[in-house]
1. Within the range 142-159, can you find the residues that are part of a helix (DSSP H, G or I), crowded, with 18+ Cβ neighbours inside 10 Å and either touching a residue at least 40 places away in the same chain (Cβ under 8 Å) or of a type outside the set (Gly, Ala, Ser) (or both)?
2. Going through the range 160-191 one residue at a time, which ones are of a type outside the set (Phe, Trp, Tyr) and outside any helix (DSSP H, G or I)?
3. Would you say Glu196 is acidic (Asp, Glu), more than 15 Å from Tyr82 (Cα to Cα), surrounded by 13 or more Cβ atoms within 10 Å (Cβ to Cβ) and modelled with pLDDT of 95 or more?
4. Is it fair to say Ile194 is under 24 Å from Ser129 (Cβ atoms), part of a helix (DSSP H, G or I), of a type in the set (A, V, I, L, M, F, W, C) and in contact with a Phe, Trp or Tyr (Cβ under 6 Å, 6 or more places away or on another chain)?
5. Starting from the range 163-177, take each residue that is over 18 Å from Tyr104 (Cα atoms) and list its partners that are modelled with pLDDT of 95 or more and part of a helix (DSSP H, G or I), counting only C-beta distances under 8 angstrom and pairs at least six apart or across chains.
6. With the requirement that a residue be among the aromatic types (Phe, Trp, Tyr) and over 19 Å from Lys80 (Cα atoms), what does the range 107-151 give you?
7. For residues that are assigned to a helix (DSSP H, G or I) and among the aromatic types (Phe, Trp, Tyr), scanning just the range 85-116, find the one that is nearest to Met175 (Cα to Cα).
8. Sort out which residues of the range 117-129 are in a loop (DSSP other than H, G, I, E, B) and within 31 Å of the chain's Cα centre (by Cα), and write them in order of number.
Amino acid sequence: MEKFFRKTKIFFSLLTVLMLGIFVGLGESFYLSKMGNKKVLGAVDDNSINLMITSDFQKEREINIVESVSGDDARPLIIKKYLEKYKSPLIPYSDLIFKLSQDYGFEYYWIVAIAQQESNLCKKIPEGSHNCWGYGIHKRGTLTFDSYELSLKSYAEYLKREYFDKGLNTPELIMSKYCPSSNGSWARGVNQFIKEMEEGKF
């Protein structure tokens with residue numbers, strides 16, 4: 001009799017453990033099914049990863065742009081982009097403009113800023129003159145060139161010799177000789193165009 005009770009006790013103990021296991025398993029399955037359509041806190045799905053990658057790439061691209069614009073090598077690019085913005089016929093000569101400014105030792109923006117003030121970047125010049133700066137244009141005649149390349153080389157040398165070498169190195173000082181009859185608007189215009197190129201706001 002005692003042996004029978006012992007076996008019965010073992011049987012019910014095993015049955016209890018088995019039932020508990022079943023209930024726990026069912027409960028876990030039910031919980032997981034309920035959570036199936038919900039995002040677990042801290043989980044990252046594919047879309048989130050893509051958004052993070054895109055965001056990081058955009059930040060890196062912006063940093064690269066800032067670095068390039070602030071670096072010396074960006075100056076030819078600034079010249080080119082500025083000429084493109086205003087659809088200037090000088091676009092193919094952006095590298096030459098930068099090289100001439102370096103060769104003659106003055107800032108990269110002078111040739112472009114004065115051309116903007118004088119001729120809307122070569123769009124309003126005496127026909128066939130290739131003269132974008134209004135220099136050598138007077139009652140006795142008009143200084144003309146066979147190409148923009150020749151006019152650029154001549155003008156860079158002229159700026160260096162007649163202005164920068166003589167200490168005329170600001171728009172106001174250059175204006176006093178370049179167009180002394182101006183009421184100040186010439187210098188203001190040149191200053192504005194220099195600022196646009198320096199700050200990249202064009």
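The values are calculated or read from the model by the stated rules, or taken from the named source; none is laboratory data. The shown structure was predicted, so the numbers you read here are calculated from the model rather than taken from an experiment. In this analysis, Cβ positions are derived from the backbone assuming ideal geometry, glycine residues included, and neighbour counts consider all displayed protein chains.
1. Tyr148, Leu152, Tyr155, Ala156, Leu159
2. The first filter runs over the range 160-191 and keeps only residues of a type outside the set (Phe, Trp, Tyr), leaving 160-162, 165-177, 179-185, 187-191.
Those that are of a type outside the set (Phe, Trp, Tyr) and outside any helix (DSSP H, G or I): Gly167, Leu168, Asn169, Thr170, Cys179, Pro180, Ser181, Ser182, Asn183, Gly184.
3. On the way: acidic (Asp, Glu): yes; more than 15 Å from Tyr82 (Cα to Cα): no; surrounded by 13 or more Cβ atoms within 10 Å (Cβ to Cβ): yes; modelled with pLDDT of 95 or more: yes.
No, not satisfied.
4. On the way: under 24 Å from Ser129 (Cβ atoms): no; part of a helix (DSSP H, G or I): yes; of a type in the set (A, V, I, L, M, F, W, C): yes; in contact with a Phe, Trp or Tyr (Cβ under 6 Å, 6 or more places away or on another chain): yes.
Against the criterion (under 24 Å from Ser129 (Cβ atoms), part of a helix (DSSP H, G or I), of a type in the set (A, V, I, L, M, F, W, C) and in contact with a Phe, Trp or Tyr (Cβ under 6 Å, 6 or more places away or on another chain)), Ile194 does not qualify.
5. Here the result reads Glu172/Ala187; Met175/Trp186; Met175/Ala187; Met175/Val190; Lys177/Glu162, each pair linking the range 163-177 to a residue that is modelled with pLDDT of 95 or more and part of a helix (DSSP H, G or I).
6. Tyr135, Phe145
7. Among those that are assigned to a helix (DSSP H, G or I) and among the aromatic types (Phe, Trp, Tyr), it is Trp110.
8. If the condition is that a residue be in a loop (DSSP other than H, G, I, E, B) and within 31 Å of the chain's Cα centre (by Cα), then Asn120, Leu121, Cys122, Lys123, Lys124 are the ones that fit.
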